[in-house]
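Asker: Okay, here's the structure, questions in a sec.
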Amino acid sequence: MTKEKTVSITIDNKKLHVKPGLTILQAAKANNIYIPSLCAFEHLPSYGACRLCIVEVDGIRGFPTSCTTPVEDGMVIRTETQELRNLRQEVLKLLLSEHPASCLFCSDKEECINFQGTIRKVGNTTGCRYCPNDHRCEIQTIVEKIGLTETSYPVYYRNFPVEKYDPFYDRDYNLCILCGRCIRVCNDIRLNGTLSFKQRGQKTTIGPAFDRTHLEAGCEFCGACVNVCPTGALSVKTGKWYGKQDKEGETTCNFCSIGCKLILQTKNESIVDSLPDYDSPLDKGLICVKGRFSITEYVHSPWRYSTPMEMTPVGYNNITWEKALDIAAEKIKGVKPDEVLMLISTQLLNEDIYCTQKFMRKIIGSEHIIPTPLIYLNNDFATYWNLCTESQPLEVIENTQFIFTVGFDSTYGYSPIGIRIKKAAKAGAYLVTLNDKETNLDLLASASFQVEKKAWYDVIEILIARDGKEKKHTEAQKILKEGAIDLNRLKKSLSKTKDKLIVLGQDILNHPERTRLLDRFEKTITKGGWKIIVANPYTNLKGTLMLGGFPYIMPGDILKTQTGEKVKTIKTQIVNFDLNKKRKLIYIIGDAPDLMIPDCDFLIYQNALPASFKKMPDLILPSNLFPETDGTIINMEDRILMVKKVIEPYMESKPDWWIISAIGERLKKGKFQFKDMQSIHGEIKKLIKGFPKIKDRLEFSRINAAGSKKTARFTPVPEAKRAIYRGIALSEVVSGMKVIERSLNE
Amino acid sequence: MSDTIDLIFEKYERAQDQLIPILQEVQRQYGYVSPEAVKKISRYLKITENQIYGVSSFYAQFRFSAPGRHSIRVCLGTACHVRGGATLLEMLERELDIKCGDTTSDKRFDLDRVACLGCCALSPVVQIDKDIYSRMTVTKLAELLKSYE
């Protein structure tokens, strides 16, 4: 191993060896030397706006800002001298001349904090609280560190109205210190460009163009600006006024198949904020509105089931778990295998799926365990699955020279893919977008096709088939001409590049010609030359099949590494379930639309929130949501990701595996003695080697659906239009998502 | 409009550093930078509309609403300020019911401030179109406005 190159510097008489290329501030931070700063942020380029991080360096005139000065060999740096202290205090005073300071300098400060928590009969504000970020504020820390106890300048209150009209976060620019962090994170990290300094001098504010709302201006509500704000200017609607969080925990987002890492902050067992981790290699902290802002409202929804419920002639009755499990066991006892239908969401955890399939196969002896996408996609399921197994890891995007997005939009989801595409386009990759509406990638695209869905196939054909076939597709030719697209450049770029990538968005699932398009892509990928990334909304699709949550596929059977099978053949009859046949028992985990629920004698519904179907379930079993339970999922990159429990479950709700196992244990004693995750993993390990500690990407077999395709019926997929978790649309539960959905439909 | 703005684009390279020259040309030709123009420029230069607005609102030379039939400029240079220029501006804002930098809804006047018109001896000074009015008072100004249609 070669020794890493270092430069030696001296900070405050301490000799240090640091990596070259660091700034003084970074070098100091790495060695636990505190230099106050407000505008610097770890993952943003240097800026040098707040002037608080000034230091003295031998041989450099004046007081350079440490966040913009790179270290050099032999540098002698002082961070704490009387002169620096005086200067910093003066700078901070000027900074605070436009920032309300009652929480900073007040003779009654201590008492105020003690009495703010007074219990009254009615809501009462004690002390002055006009900052929602109290006790989480970086300015409070800095004032303390710099030792400022009073300010000699009068505070100028700018008197801006607080902006509350956008979903998810409020803005009070009276508290803003114009450090520019929010603008830089919006432009440099999210590559979104919604925020900008407006006007100048004393009138400077931050926001989008022409007094537009953030929603109108193309804000993605990723909340990155809110994370980095050092003051209370930007605050999350659902996390305001909470003060400091008391716990935080990491978990994996379950809202789509990327599986971003989330840091959930909690106070009194409630989730108050959900933050990204910029060091996470998978998502790089580029989480979307779903993971950032939807969790609090979804998990703490007032509509959540608190106890099991039984339908009686006079309505639903709350019952105990004992009774609920007894009723379920009694109803299931003795039913014949083909009289049962188990409909499951693909957003359950691996362990839940394992227990569910074991229950179906070992207790009832039935193969009728059906993930809902199988019914929606019908015969296209196999094609879609095959494309998903070919899906590349996200880092491929950054090394690709030609990217073709089809029906993909990353405004309100799939940001880690979208931002990587934007980055590649900025670095010079040729980006072609195809959609029937404007998308957030169009601005940076070299060619963007906004065409009706019926013309998609032609455009795809021209791009993928590359040459010769253009004459046939006159419609597409017209579009190319109208769009003022430089066809020669496009063709040249196509023939020149070897690494070509298709990014398939969720809109393809609702395309009337879905079968034809998916087949075309499958053919292209098999032929070679193109790679693919499928942005699929089914969080744990891979895990569902791997753990046997699919008819006639046993746990581990779909793993190529385990069976050696490249292609697994399933019969189409299996896929074409008779949805009109009357059943004795239907068990739904998640949600299903009415058209999938045939007549039945008894309906069990296991989910956290009320269902969207009209039929009244006979028994309701309340289950946990992902921040309340441990487990694993397999994401679109084919990696096993850990989901960890962050808060205690709501009321009496239980994990899905626990519910299913408890019913199973009543029917066949000794078969379902699962106490915790480890015991389930122990059993899965016997079928899938190394589970769940497999670090490498898994490899899956393709599916060959034998039989004719002519019978395929087209069912629109709800996941293509709205974000859905366990069958329930986020917009039904989360108020801000409803606002966004309304704006999309306008 | 879209045709003429395309003509402007032809003169400038498709590079982000051409933003200000393009904005200046737009301002010269249309008298203001409209939201539609910003949208067009955004597509051409691949910069978001918000960023373009951020840059252009920094400079006093760009305006974002169509100019009125007559433009009123109130001088707020040192001399005019001392002799009551700010009061004149305040009165105009009240009378015309617009903010400094805007245009009245009937497009009769647009109102703006300038730093100095170079005739401090005549302060406070108001310029309407090309005429300079010296030693203005609130009452004189109110009378004067009536003569402009």
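Asker: Give me the percent relative contact order of region A:129-299, please, defined on Cα pairs under 8 angstrom at least 6 residues apart.
Answerer: In percent, rounded to a whole number, it is 21.
Asker: Ok, one more. Can you check what the Kirkwood hydrodynamic radius comes to for region A:392-534, Cα pairs only, in Å to one decimal?
Answerer: After inverting the pairwise mean of 1/r, the radius is 15.0 Å.
Asker: With point charges of +1 on the Cβ of Lys and Arg and -1 on the Cβ of Asp and Glu, referenced to the Cα centre of the protein assembly as shown, which listed residue (A:Pro308, A:Ser415, A:Ile684) lies farthest in the positive direction of the dipole?
Answerer: A:Ile684
Asker: Of A:Pro718, A:Thr151, A:Leu25, whose Cα points farthest to the positive end of the dipole of chain A (charges on the beta-carbon: +1 Lys, Arg; -1 Asp, Glu; origin at the Cα centre)?
Answerer: A:Pro718
Asker: Something else: Once you have the Cα-Cα distance between A:Lys203 and A:Val162, take 0.36 nm times their residue separation minus that, and quote the gain in nm to one decimal.
Answerer: Additional length available on full extension: 13.2 nm.
Asker: Roughly how many nanometres apart are two label points built 7 Å out from the Cα toward the Cβ at A:Lys527 and B:Ser147?
Answerer: The modelled label-to-label distance comes out at 7.9 nm.
Asker: Could you pull out the chymotrypsin sites (Phe, Trp or Tyr not before Pro) across region A:183-229 that fall in loop regions by DSSP (anything but H, G, I, E, B) with no more than 10 other Cβ atoms inside 10 Å?
Answerer: Passing both the DSSP loop test and the Cβ count: no residue.
Asker: Whose amide H sits under 5 Å from the amide H of A:Ile724, counting only residues 5 or more places off or on another chain, with H placed in the peptide plane?
Answerer: A:Leu730
Asker: May I ask you to evaluate 6.51 cos²θ - 1.76 cosθ + 1.60, the Karplus curve with θ = phi - 60°, for each residue of region A:650-666 and list the ³J(HN,Hα) values in order in whole Hz, giving x for glycine and proline?
Answerer: 5, 6, 9, 5, 10, x, 4, 5, 5, 5, 4, 5, 5, 5, x, 5, 5
Asker: Using a Förster distance of 45 Å, how high is the FRET efficiency between A:Thr10 and B:Gln61, based on the Cβ-Cβ distance and rounded to 0.05? Provide the component values of the computation, followed by the final result.
Answerer: Values: r = 49 Å, r/R0 = 1.09.
Given R0 = 45 Å and the Cβ-Cβ separation, E is 0.35.
Asker: Still on this model: What is the average number of partner chain Cβ atoms found within 10 Å of a Cβ in B:55-66?
Answerer: Other-chain Cβ atoms within 10 Å of each residue's Cβ, averaged: 2.
Asker: Once R0 is set to 30 Å, what does the formula 1/(1 + (r/R0)^6) return for the Cβ-Cβ distance between A:Asp246 and A:His43, expressed as a FRET efficiency to the nearest 0.05?
Answerer: 0.70
Asker: Quick one: what Rg and Dmax do you get for the protein assembly as shown from the alpha carbons, in Å?
Answerer: When restricted to the Cα atoms of the protein assembly as shown, Rg and Dmax are 31.9, 105 Å.
Asker: If you place +1 on the Cβ of every Lys and Arg, -1 on the Cβ of every Asp and Glu, and leave all else neutral, what size is the dipole of region B:1-135 about its Cα centre, to the nearest 20 Debye?
Answerer: Once rounded to the nearest 20, the dipole reads 200 debye.
Asker: For region A:524-593, which trypsin sites (Lys or Arg not before Pro) are in a loop by DSSP, counting at most 16 other Cβ atoms within 10 Å?
Answerer: Loop-located and lightly packed - A:Lys566, A:Lys581, A:Lys582.
Asker: Does region B:70-146 come out rounded, prolate or oblate, given a ≥ b ≥ c as the square roots of the eigenvalues of its C-alpha gyration tensor, rounded meaning a/c under 1.5 and, failing that, prolate meaning a/b above b/c?
Answerer: Prolate.
Asker: Here's another thing I want to ask about it. List the residues, sorted by chain then number, that are 5 or more residues from A:Ile532 or on another chain and whose placed amide H is less than 5 Å from its amide H.
Answerer: Residues meeting the criterion, in which the H sits 1.01 Å from N, are A:Gln392, A:Ile502.
Asker: Within 10 Å of each Cβ of B:36-49, how many other protein chain Cβ atoms are there on average?
Answerer: Taking the mean over all residues of the peptide, I get 3.
Asker: With the Cα gyration tensor of region B:2-58 giving a ≥ b ≥ c as the square roots of its eigenvalues, does the rule (a/c under 1.5 for rounded; else a/b larger than b/c for prolate; else oblate) give rounded, prolate or oblate?
Answerer: On the way: a/c = 1.40, a/b = 1.12, b/c = 1.25.
Rounded, since a/c falls under 1.5.
Asker: Continuing with this model, one more query. Please report, in debye to the nearest 20, how large the charge dipole of chain A is about its Cα centre when each Lys and Arg carries +1 at its beta carbon and each Asp and Glu carries -1 there.
Answerer: 1840 debye
Asker: For region A:127-191 and region A:517-540, write down the distance between their C-alpha centroids in whole Å.
Answerer: Here the two parts' Cα centres lie 46 Å apart.
Asker: Which whole-angstrom value gives the distance between the alpha carbon centres of region B:55-121 and region A:278-343?
Answerer: Result: 63 Å between the Cα centres.
Asker: Separate question: How many angstrom lie between the C-alpha centres of region A:411-456 and region A:74-109?
Answerer: So the two Cα centres are separated by 46 Å.
Asker: Assign one of three labels to region A:129-299, namely rounded, prolate or oblate, based on the Cα gyration tensor with a ≥ b ≥ c the square roots of its eigenvalues; rounded applies when a/c is under 1.5, prolate when it is not and a/b is larger than b/c, and oblate otherwise.
Answerer: Oblate.
Asker: Using a 10 Å cut-off around each Cβ of peptide A:190-196, what is the average number of partner chain Cβ atoms that fall inside?
Answerer: 4
Asker: Let me ask something else. Grab the DSSP H runs of the protein assembly as shown that are 4 residues or longer, score each as -39,500 (n - 2.57), total them, divide by all residues and round the 222 nm result to the nearest 500 deg cm²/dmol. Numbers along the way, then the final one.
Answerer: Values: 32 runs with 275 residues, N = 895.
Calculated mean residue ellipticity at 222 nm is -8500 deg cm²/dmol.
Asker: A further question follows. For region A:351-448, with only Lys/Arg (+1) and Asp/Glu (-1) charged at the beta-carbon, what is the dipole magnitude about the Cα centre, in debye rounded to 20? Before the final figure, lay out each step's value.
Answerer: Numbers: 8 positive and 11 negative charges, 39 e Å.
Dipole magnitude for region A:351-448 comes out near 180 debye.
No value in this document is a laboratory result; all are computed from the given coordinates. All of these numbers come straight from a predicted model, not from anything done at the bench. Cβ atoms come from the backbone with ideal geometry, glycine included; neighbour counts cover every protein chain shown.
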